[in-house]
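Have a look at the structure below before the remarks.
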Amino acid sequence: MKKISRRSIVAAILSVAMVIGIAMFVYNYVNDGAAWASFPSNQHIYTNGVIASQRILDRNGVVLYKTSKGKPAYNENKTIRKATLHAVGDTSGNISTSAMHVFTDQLIQYDLLNGVYYHHDNGSDIYLTLDANVCAAALNALDGRSGTVGVYNYKTGQILCMVSAPTFDPKTPPNLSEDNNGAYINRFLSSAYTPGSIFKLVTSAAAIDNMPDLFSRTFTCKGSEKIGNSTVTCLKAHGTFNFKTALADSCNVTYANLATELGRGVLEEYAEKAGFNKGVTVSGISTATGNFGLSGASKSDIAWSGVGQYTDLANPCTYMTYVGAIANGGIPVYPQFLSKVTSENSAASSSYKKNVGSRILSKSTADTLADLMHNNVIQSYGKRNFPGLDLCAKTGTAEVGGGKKPNAWFTGFIRSEEYPLAFIVIVENGGSGIEVAAPVANTVLQAAVKALKASD
Amino acid sequence: MQFLEMMLKAIQQIGSAIPEWIVLLVSSSGSVTTVLRWVMPVLAFFILLQTARSMLVWKKEPEIWAYIDLPNGARLPISHWENTIGRSPSSDIVLNYPTVSRSHAVLVRADDGSWTITDVGSKGGIVVNKRPVEGKSPVYPGDIISLAGVEIALLPIEVEQEQQEDDESSLRKPGKPGRVLFLVTLFQLLTAMQLCTFASEENKTTIIMAFAGLAAFMWLYFIFMRALQRTGFEVETIAFFLTTLGFSVVASAAPGELGKMFFVTIMAVLIFVLLGWFLRDLERAKKARWFMGGAALMLLAANLLLGKIVYGAQNWIYIGAFSFQPSELVKIAFIYAGTATLDRLLAKRNLTMFILFSGACIGTLALLGDFGTASIFFVAFVVIAFMRSGDLATISLICAGTGFAGMLAVRFKPYIAKRFSAWGHVWAYASTTGYQQTRTLMYAASGGLLGLGAGNGLLKHISAADTDLVFGILCEEWGLIVAIIAVCSLVCLAIFTVRCASVGRSSFYVIAACASMSMLLFQTALNVFGSIDFLPLTGVTFPFVSNGGSSMLASWGLLAFVKAADTRKNASFAIKRPKEEIQ
């Protein structure tokens, strides 16, 4: 009997398996419950696949999308529709980082405890932090070229402008079979590009912290220099100058030498701080990760990585957050585009909460970088090109190879208590950063400041 | 009887409050649900907690049936009805002498208190009072048994000792059941009230009558068992609790079938009681094994000849207005035919007959296209085979062989695989083969932790939801908490069975209880995990909860085996009380 009694353990094993299975289900339930409940066949919520009543609005209450009695409608202005497409979403659900896709909990008024018990047919209003007019201005400034523009308040994290091109009019969506050049992708959140010279802000931070004599050094550029087994070139021979001018002139030779001197470990540490390889989380959405890695890199590879080439890749939103952290004295405030939800059901309502990260640069390093970036504008980019803006910035012209024109970058921030805005602009295959991306940035920033002034 | 008075008082109080409830119910259906969706999980939790505590914390104190005097002078208590004697350390009576075989003999106590020793293929043989034993021989108290020259003596327990034991063994008693049953009654009444807030006018009466009838029947059962001086009700409490959830599912999804469900439940409890009563006499129970085996095969054969195909499986028989699933009833017969007493197991050390029998049952089910039930039988087979033989090698071989046969079946009958094609990625087939699973997940999530209120779901409108997707209905209407409590209550039953096994009297009861519990548990797993896409959706029922008469009968029937293994003092009606045994 002893033996047989012991063998009853099989029933206990089955019990354990049962409990493990249920635990796994609970785990999935907690993680995916909202997504399951928001499946458009759920007749607690949807009528013919559409939520009976809901609205998505911009920060000023401009209706970007709404459904009433189960019929969807977008904003009347075509440019606004196209400019806010990636933030709002399309009715077919192809844009996976859009409000319609990501804020389903709020849209269907779901919460874990109650399920959809409190779902109200009167629906909820989802306010985004975006300004529809600034987004429209950004789309116009891109003027049909591919790329992305992001502007956010580096003190609160609210994204004012998030535009990705190419885009389409959600009122007349294109055929799925057509080649849309990636129109479904929000480039701001979900892409990664070679950063080129904007990466020098990362190399600079490493140099400021690790080279005590940095500002007393002089550097010489003869237009090219052989480092390791590769030659690093500049557009012209920059001559002899100090560190400040090296950044203002964006001298590849100098930065390549700084990178090899700093070495693999230090560069990787500062790239990690800037969010490369990790990305950031924007209102619950994980951005694409960039890339920075020097394992197995030769001396020339390290040199090229220090000027934002080699295998470096930057996600626009993540890099904008890094620049925002420089503006904010070294502490990143993570960007978000969901402002608040109002609903008859108070359980589904929410208000904006800012998401502050931990310090990534010391205050003095951040301020030094800010001064250097301010000098860039004065010394190289021309203050008159940005009228009325106390701008700190860095250009980038990232080689993409394949005989294509380089990607034009421009990133930076306004030093202002009233308009604390950081931004990033990429124009794909646009050419030079200062010639192509900077004017786009100026147009958008002027519109943003105007919009903030108007709403005050 | 104090608690009975308490109960009566409580019932009176509830009775006087009912008119107020009805007013509340008519006036604002929304607020009733808003309150009850918080109350029901709490109530369910306490029902499970009380029952589980009573089932899982009793002290496992072995019963003592006799003593053995060993050659070294030690006196060993005999705590089972069936005891192996041998040199092996896993024997119940270990005789570590070189002449004794590893597994030498089995000493068995019969219902009437007489003892028998059976030689199970020893080398040295057995001599009782100097008479050599061929096969088996009765042993009387005071007899000297010589196993290959090693002498032991069987001594009876003395009467005073028996008395004394009675007093000490209070710890083996179950806890007070009345309070939990009161909670279950409250649960039933509140469920009826909740259901009425969403039911149409003509169904309200049916619902109230069905739940009131269930509560009344439960108390009738309880009072009847109290009259028989039984004290253990945890197993039934869980079954009645789950049955209540089942009633709620039927009331929500198919209120017209509630009356049928009520009568089937009464029948099911009767089967439970009759089978339990039949099992209390081991000699009688043993004799029925062959009959049960034959009945199982006959039922399946009838199914094969007369069965109608419903949802891809030919597992229904229609006789006039009645329809039933023979395979459900075969479950009881299968367990019955599979179990055996220890002397029998050790005397005939092979599984051949049982393997052939199981192969016939499982093969027929596979032919019928009922793969879910076939796999349930296969698990029961594996459990029984393991408990009988402990022979992992043979069982692994059989599992591998069955797996291979399954692969061949899929290879040559691709339509079988097609039925399960959505498994693991149902969302990609949300409108075709993954339709039921995606709806289950979608509506399960809609319920949240607290549920939308019984009767307020939408999953019930999906075909076969009240049987195959019943876990989803529980999640949606009752909330995740209650759905998990329902599953956990079965897990508690299983753990209780394992605990009972260690102080079991006969391997006949222990094997039957473990196998039937494993069957119930695995069936629950197939139902739950099939509907949420952890396992392929095979369309088996959730014991006690799914809408279906045959399933209800089988679930209660299988429970009788668990009841027959509950050896706590005076707990189970399926075990004779000491006084009854003396006669």
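The values are calculated or read from the model by the stated rules, or taken from the named source; none is laboratory data. Just so it is clear, the model here is predicted, and its values are computed rather than measured. Methodologically, a virtual Cβ is constructed for each residue, glycine included, from the backbone with ideal geometry; neighbour enumeration extends over all protein chains shown. Just the protein is used for accessible areas: all its heavy atoms, side chains included, with ligands, DNA and RNA removed. Shrake-Rupley method; radii C 1.70, N 1.55, O 1.52, S 1.80 Å.
List the residues of segment B:91-126 that lose 20 Å² or more of accessible area once all protein chains are present, compared with their chain alone (1.4 Å probe, heavy atoms only, no ligands or nucleic acids).
The answer is B:ASP92.
Please list A:THR287, B:THR352 from largest to smallest accessible area, probe radius 1.4 Å, with all protein chains kept in place.
Largest to smallest exposure gives the sequence B:THR352, A:THR287.
If amide H atoms are built 1.01 Å from N in the plane of the peptide, which residues on other chains or at least 5 residues away come under 5 Å of the amide H of B:ILE144?
Counting only residues 5 or more places away or on other chains, the set is B:ASN129.
Can you spot the lysines whose alpha carbon is less than 20 Å from A:LYS453's alpha carbon? Ignore those fewer than 8 places along the same chain.
In chain and number order, the partners are A:LYS155.
Accessible area per residue of segment B:306-403 at 1.4 Å probe, in Å²?
I get 41 Å² per residue for segment B:306-403.
Which net charge results for the neighbourhood of A:ASN257, defined as the other residues with beta-carbon distances under 11 angstrom from its beta-carbon, given Lys and Arg at +1 and Asp and Glu at -1?
0
Would you kindly derive the ³J(HN,Hα) couplings of segment B:37-42 from the backbone phi angles with the Karplus curve 6.51 cos²θ - 1.76 cosθ + 1.60 (θ = phi - 60°), listing them in order in whole Hz, with x for Gly and Pro?
Once rounded to whole Hz, the list reads 5, 8, 5, 4, x, 5.
Taking only the C-alpha atoms, wrap a convex hull around segment A:153-216 and report its volume per residue in Å³ as a whole number.
In segment A:153-216, the Cα convex hull volume per residue is 139 Å³.
What does the convex hull of the Cα atoms of segment A:211-300 come to per residue, in Å³, rounded to a whole number?
So the per-residue hull volume is 130 Å³.
Would you mind working out the magnitude of the charge dipole of the protein assembly as shown relative to its Cα centre, with +1 at each Lys and Arg C-beta and -1 at each Asp and Glu C-beta, to the nearest 20 Debye?
1020 debye
Restricting to Cα atoms and excluding each atom paired with itself, what does the Kirkwood estimate give for segment A:250-320 in Å?
Computed over Cα pairs of segment A:250-320, the Kirkwood hydrodynamic radius comes out at 12.5 Å.
Round to a whole angstrom and tell me the spacing of the C-alpha centers of segment B:214-267 and segment B:283-340.
The two parts, judged by their Cα centres, are 24 Å apart.
Could you provide, to the nearest whole Å², the per residue accessible area of segment A:117-225 with probe 1.4 Å?
36 Å²
Mind pulling the per residue volume of the convex hull built on the Cα atoms of segment B:373-499? Å³ is fine.
133 Å³
Would segment B:259-312 count as rounded, prolate or oblate if I go by the C-alpha gyration tensor, calling it rounded below 1.5 in a/c and otherwise prolate when a/b exceeds b/c, oblate otherwise?
The shape class here is oblate.
In degrees from 0 to 90, rounded to the nearest 10, what is the angle of the helix B:201-227 Cα long axis to the longest principal axis of chain B?
20 degrees
Along the charge dipole of the protein assembly as shown, which of A:ILE22, B:SER90, B:SER555 sits closest to the positive end, that is, farthest toward it, with unit charges on the beta carbon of Lys, Arg, Asp and Glu (+1, +1, -1, -1)?
B:SER90
For each pair in B:LYS348/B:LYS569; B:LYS418/B:LYS460; A:LYS353/A:LYS394, compute the distance between the two Cα atoms and list the pairs where it is over 28 Å.
In this structure, B:LYS348/B:LYS569; A:LYS353/A:LYS394 exceed 28 Å between Cα atoms.
Please report the relative contact order for segment B:294-346, taking Cα pairs under 8 Å with a sequence separation of at least 6, and give it as a percent rounded to a whole number.
It rounds to 30 percent for segment B:294-346.
P(r) tail for the protein assembly as shown, what percent of Cα pairs lie past 55 Å?
Tail of the P(r) past 55 Å holds 39 percent of the pairs.
Anything over 32 Å Cα to Cα? Flag those among B:LYS176/B:LYS576; B:LYS204/B:LYS331; A:LYS200/A:LYS383; A:LYS82/A:LYS340; B:LYS260/B:LYS331, in the order listed.
B:LYS204/B:LYS331
Going toward the positive end of the dipole of the protein assembly as shown, with +1 on Lys and Arg Cβ and -1 on Asp and Glu Cβ, which of B:GLY401, B:LEU36, B:SER252 do you reach last?
B:GLY401
So what J values fall out for segment A:379-385 if you push phi through Karplus, 6.51 cos²θ - 1.76 cosθ + 1.60 with θ = phi - 60°, rounded to Hz, Gly and Pro as x?
Karplus-based 3J(HN,Hα) across segment A:379-385 equals 7, 10, 8, x, 4, 5, 6 Hz.
May I ask you to derive the relative contact order of chain B, considering only C-alpha pairs under 8 Å and at least 6 residues apart, and to give it as an integer percent?
Worked out over chain B, it gives 18 percent.
Determine the sum of side-chain charges near B:HIS80: Lys and Arg each +1, Asp and Glu each -1, restricted to other residues whose C-beta is under 10 angstrom from that of B:HIS80.
Result for the local shell: 0.
What do you get for the angle between helix A:363-376 and the principal long axis of chain A? Use alpha-carbon atoms, 0 to 90 degrees, nearest ten.
Roughly 60 degrees between the two axes.
Any idea what Rg and Dmax come out to for segment A:56-190 if you just take the C-alpha atoms, in Å?
15.1, 47
Translational D (Stokes-Einstein, µm²/s) of chain B at 37 °C and 0.692 mPa s when Rh comes from the Kirkwood sum over C-alpha pairs?
128 µm²/s
Considering only protein heavy atoms, with the full assembly of protein chains and a 1.4 angstrom probe, order A:TYR117, A:TYR110 by accessible area, largest first.
Of A:TYR117, A:TYR110, the descending order of accessible area is A:TYR117, A:TYR110.
Compute for chains B and A the buried accessible surface, both sides summed, probe 1.4 Å, and express it in Å² to the nearest 100.
4200 Å²
Would you pull out the residues with amide H under 5 Å of B:VAL540's amide H, same chain only if 5 or more places away, H placed 1.01 Å from N?
Here the answer is none, since no amide H 5 or more places off falls under 5 Å of that of B:VAL540.
Return the sequence-ordered ³J(HN,Hα) values of segment B:233-238 in whole Hz as given by the Karplus equation 6.51 cos²θ - 1.76 cosθ + 1.60 applied to θ = phi - 60°, using x for Gly and Pro.
Using θ = phi - 60°, the values come out as 10, 4, 4, 5, 4, 4 Hz.
Please work out the C-alpha center-to-center distance from segment A:367-408 to segment B:527-555 and express it in whole Å.
Distance between centres, Cα-based: 66 Å.
Taking every Cα atom in chain A, find the radius of gyration and the maximum pairwise distance Dmax, and write them in Å.
Final numbers for Rg and Dmax: 25.1, 96 Å.
Kindly provide the pair-distance distribution of segment A:1-118 built from C-alpha pairs, with 10 Å bins from 0 and whole-percent values in order of increasing distance.
Per 10 Å bin, starting at 0, the Cα pair percentages come out as 12, 33, 23, 12, 8, 7, 4, 2, 0.
For helix A:252-273, what angle does its Cα long axis make with the longest principal axis of chain A, in degrees from 0 to 90 and rounded to 10?
That works out to roughly 30 degrees.
With a probe of 1.4 Å, find how much accessible area segment A:237-392 has per residue, and write the answer as a whole number in Å².
About 37 Å² of surface per residue is accessible.
For A:VAL266, what is the net charge nearby, where nearby means another residue's Cβ is under 12 Å from its Cβ and Lys, Arg count +1, Asp, Glu -1?
-3
Could you check how much of the accessible area of the protein assembly as shown is carbon and sulfur, as a whole percent, using a 1.4 Å probe?
59 percent
Which of the residues in segment A:44-62 lose at least 20 Å² of accessible area when you go from the chain alone to all protein chains together (probe 1.4 Å)?
Residues meeting the cut-off: A:HIS44.
Cα centroid distance between segment A:56-125 and segment B:454-522, in Å?
41 Å
Just to be sure I understand: if I project the alpha-carbon convex hull of segment A:114-201 onto a plane and average over all orientations, what area do I get in nm²?
Projected over every direction and averaged, the Cα hull of segment A:114-201 covers 10.0 nm².
Students often check this: by mean Cβ neighbours within 10 Å, which of A:390-399, B:87-96 ranks highest, and how do the rest follow?
A:390-399, B:87-96
Given H placed 1.01 Å from N in the peptide plane, which residues other than close sequence neighbours of B:ARG577 have an amide H under 5 Å from its amide H?
Under 5 Å from the amide H of B:ARG577 lies no amide H from a residue far enough along the sequence or on another chain.
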